[in-house]
Amino acid sequence: MDKKNSNRIRIIKCRLTLQEYQILEKKWKATACQKLSEYVRKCLFDKPIITFYRNRSDDEGIAELSRLRTELNHIGNNFNQAVKRLNTIEDPNEFKAWFTAYELEKRTLSNKLDEIKGHMKKMVERWLQ
């Protein structure tokens, strides 16, 4: 691993059983190494290997929060359009219709915020354990 000549020209072949390869691949995927060859070189030359620990329940929570963020963006866009429409209303009957739609959007937004708060509370409780 000479710094002067960084081109790797030597190839080492190694045959593995399917089970051995699956074990190797599983260990490699749990690290920060981009390629399997990088992982094998680090193992061979006793270099430090950075590994990850992932909590699957947190992954589910993050996916749910991502879905809720998307919904909040849609609700925010609808709310913004409603407020822009309010600025152009001149007819009192049309204002009543707008106000009804506004109340519906406000309730939807409030429900989604409560849902997000609940998911965040669960994630914090798991993290604090």
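Here the Karplus relation 6.51 cos²θ - 1.76 cosθ + 1.60, evaluated at θ = phi - 60°, turns the backbone of segment 101-109 into coupling constants of 5, 4, 4, 5, 5, 5, 5, 4, 4 Hz, with x for every Gly and Pro.
Of all accessible surface on the chain at a 1.4 Å probe, what whole percent is carbon and sulfur? After summing per-atom areas, the C and S share lands at 55 percent. When shorter helices are ignored and each DSSP H run of at least 4 residues is given -39500 (n - 2.57), the per-residue value for the chain at 222 nm works out to -24000 deg cm²/dmol.
Longer than 21 Å from Cα to Cα, which of K29/K117; K29/K122; K13/K35 are they? Say none if no pair is. From K29/K117; K29/K122; K13/K35, over 21 Å: K29/K117; K29/K122.
Maximal additional length on extending the F45-H119 stretch stands at 22.2 nm, based on 0.36 nm per residue less the C-alpha distance.
The values are calculated or read from the model by the stated rules, or taken from the named source; none is laboratory data. Because the structure is predicted, anything quoted here is derived from the model rather than measured. Keep in mind that these areas ignore ligands, DNA and RNA; they rest on the heavy atoms of the full protein, side chains included. Shrake-Rupley method; radii C 1.70, N 1.55, O 1.52, S 1.80 Å.
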